[in-house]
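Down below is the structure, laid out as structure tokens.
The values are calculated or read from the model by the stated rules, or taken from the named source; none is laboratory data. In this text, all values refer to a predicted model and were calculated from it rather than measured experimentally. So basically every Cβ, Gly included, is an ideal-geometry build from the backbone, and we count neighbours across all protein chains shown. Note: areas computed on protein heavy atoms with side chains; ligands, DNA, RNA excluded. Shrake-Rupley method; radii C 1.70, N 1.55, O 1.52, S 1.80 Å.
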Amino acid sequence: MGTKAIDPQSIRNVTIIGDADGTARVVQRLRRCFGDTENTVHWSTDHLEHTIRVVELSSEAPVADLERAIRVADGVIAVVNAAAHSTPRLETMLRVADDHQVARLCLITGLDRPGADFDRCVRTIAEIRGAAPLVLQVPAGTCADFDGVLDLVTMVLPGSVGSHGEPVERWYRELVETLADRDPADYLLLRDLHNRIRRRTRNGDVVPILCDTPLASDDIAPLLDAIVRYLPSPLYVCQPEHALDY
């Protein structure tokens, strides 16, 4: 029997950047959930099968290696430690991604650690020139009180906002203002929201912000769904100079 062909549009080649502990934990969770030692995950989102190939890139690598790896990446996931007060190497990596118009997501980790500050992470990303942070998830509590993640995208749908306190409402309003354009949020379907986030992420206008789950949870599904929905396939990445780097 022949090998089944893979539709290039269903492929996501993702480079995970950040400090060594943070990137290693994300990759280990993927392996633990899927038992795959070759950093390839097969994942179904919106009833379509996708192949996600993951490369881990620690900020401890030489700067030249970091720049080259990011420049040839199809998409990037930046792992940001909410308890770290300074992340100069990661900020440099994000600037390189912006310089080369590499689509990216940010995953905020360490929300259960002492000193964790979600808002500080978002401000840091906002201060980096280029794409603006687009908060899609917020933590339910921080430090010792962190017990889960709230999905703002589904809150945009009619009747799903509820009452989650002023900080969550503030992030929700910003998301609605960014995505609604001239259309009232009440008239948007979930697929419309995903399409708008995807277009702006791939154009380099926004960086979607996600939250890592508590340590006791192995729920990696929201991250995989975001990779598939918002990051580009190799066919979308039209940068001819990539061919010179392999």
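Restricting to the stretch 214-238, give me the number of residues that are closer than 11 Å to Leu107 by Cβ and open to solvent by less than 30 Å² (accessible area, probe 1.4 Å).
Matching residues across the stretch 214-238 total 4.
Suppose we keep only residues that are part of a strand (DSSP E or B) and open to solvent by 20 Å² or more (accessible area, probe 1.4 Å) within the stretch 58-90. Which one would you say is modelled with the lowest pLDDT?
Out of the qualifying residues, it is Ser58.
Keeping to the stretch 137-151, report how many residues are aliphatic (A, V, I, L, M) and modelled with pLDDT of 90 or more.
Of the residues in that region, 1 qualify.
Please go through the stretch 103-126 and give me each residue that is in a loop (DSSP other than H, G, I, E, B), of a type outside the set (Lys, Arg) and either without any contact (Cβ under 8 Å) to a residue 40 or more places away in the chain or surrounded by fewer than 21 Cβ atoms within 10 Å (Cβ to Cβ) (or both), ordered by number.
Pro114, Gly115, Ala116, Asp117
Identify all residues within the stretch 197-213 that are open to solvent by 30 Å² or more (accessible area, probe 1.4 Å) and part of a helix (DSSP H, G or I); write none if there are none.
The answer is Arg198, Arg199, Arg200, Arg202.
Among the listed residues Thr23, Thr51, Thr3, which satisfies the condition of being outside any strand (DSSP E or B) and either open to solvent by less than 10 Å² (accessible area, probe 1.4 Å) or modelled with pLDDT of 85 or more (or both)?
Selected residue: Thr23, the only one of Thr23, Thr51, Thr3 that is outside any strand (DSSP E or B) and either open to solvent by less than 10 Å² (accessible area, probe 1.4 Å) or modelled with pLDDT of 85 or more (or both).
Starting from the stretch 40-67, take each residue that is free of Cβ contacts under 8 Å to residues at least 24 places away in the same chain and list its partners that are of a type outside the set (A, V, I, L, M, F, W, C) and crowded, with 19+ Cβ neighbours inside 10 Å, counting only C-beta distances under 9 angstrom and pairs at least six apart or across chains.
Pairs that qualify, where the first residue is free of Cβ contacts under 8 Å to residues at least 24 places away in the same chain and the partner is of a type outside the set (A, V, I, L, M, F, W, C) and crowded, with 19+ Cβ neighbours inside 10 Å, are His42/His50; Ser44/His50.
Determine if the stretch 89-100 includes at least one residue that is among the small types (Gly, Ala, Ser) and either out of contact with any helix residue (DSSP H, G or I) (no Cβ under 7 Å at 6 or more places or on another chain) or within 21 Å of Leu111 (Cβ to Cβ) (or both).
Checked against the condition, which is being among the small types (Gly, Ala, Ser) and either out of contact with any helix residue (DSSP H, G or I) (no Cβ under 7 Å at 6 or more places or on another chain) or within 21 Å of Leu111 (Cβ to Cβ) (or both), the stretch 89-100 yields no hits at all.
Is it the case that Ala132 is open to solvent by 30 Å² or more (accessible area, probe 1.4 Å), touching a Ser or Thr at 6+ places or on another chain (Cβ under 9 Å) and closer than 24 Å to Tyr230 by Cα?
Considered against the rule, which asks whether it is open to solvent by 30 Å² or more (accessible area, probe 1.4 Å), touching a Ser or Thr at 6+ places or on another chain (Cβ under 9 Å) and closer than 24 Å to Tyr230 by Cα, Ala132 comes out as yes.
Among what's in the stretch 167-196 and is open to solvent by 30 Å² or more (accessible area, probe 1.4 Å) and touching a strand residue (DSSP E or B) at 6+ places or on another chain (Cβ under 9 Å), pick the residue that is modelled with the lowest pLDDT.
Step by step, filter the stretch 167-196, then rank; the result is Pro167.
For the stretch 26-48, give me each residue that is among the charged types (D, E, K, R) and either open to solvent by less than 10 Å² (accessible area, probe 1.4 Å) or in a strand (DSSP E or B) (or both).
The answer is Arg29, and nothing else.
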